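Let me begin by presenting the structure, written as structure tokens, before commenting on it.
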Amino acid sequence: MESSLEAEFLFQLGLERQPRMEDLLMLAASPNKRKVRATALQYFLENFMSVYSDQYDPNIEVAFLPTTDGSFQTPLVCCTI
């Protein structure tokens with residue numbers, strides 16, 4: 001991934017290259033912020049394999065998955081095997 005000198009400088013100062021998974025999932029679960037929720041979930045899904053799969057735990061207690069009844073649930077509630 002190429003980046004500008006300015007971006008490299010910001011990364012050296014501590015700027016994250018991607019949002020932390022915990023922060024992203026909290027945004028995906030945020031009530032009353034439909035566009036923020038949708039954008040955060042889309043980003044998480046699009047970058048799951050390349051960025052977040054190593055740190056993902058299905059036991060997460062954040063209810064970020066949308067359900068057919070309009071509510072949000074945790075992965076363990078939604079995806080029982």
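What follows draws every value from the coordinates through simple rules; no lab data is involved. Just so we're clear, the structure is a prediction, and the values are computed from it rather than from any experiment. Neighbour counts are summed over all protein chains in view; Cβ atoms, including those assigned to glycine, are modelled from backbone coordinates with ideal geometry.
Restricting the range 64-81 to residues that are touching a helix residue (DSSP H, G or I) at 6+ places or on another chain (Cβ under 8 Å) and either touching a residue at least 60 places away in the same chain (Cβ under 8 Å) or part of a loop (DSSP other than H, G, I, E, B) (or both), which is surrounded by the most Cβ atoms within 10 Å (Cβ to Cβ)?
Here the answer is Phe64.
Taking Arg37 as the residue in question, decide whether it is touching a helix residue (DSSP H, G or I) at 6+ places or on another chain (Cβ under 7 Å) and surrounded by 12 or more Cβ atoms within 10 Å (Cβ to Cβ).
In short, yes.
Could you list, ordered by first residue, the pairs with Cβ atoms under 6 Å in which the first is in the range 13-33 and in contact (Cβ under 8 Å) with a residue 24 or more places away in the chain and under 13 Å from Glu46 (Cα atoms) and the second is of a type in the set (Val, Ile, Thr) and surrounded by 12 or more Cβ atoms within 10 Å (Cβ to Cβ), at least 6 apart or interchain?
Filtered contacts from the range 13-33: Gln18/Val51.
Count, please, the residues in the range 40-57 that happen to be surrounded by 10 or more Cβ atoms within 10 Å (Cβ to Cβ) and touching a residue at least 12 places away in the same chain (Cβ under 8 Å).
8
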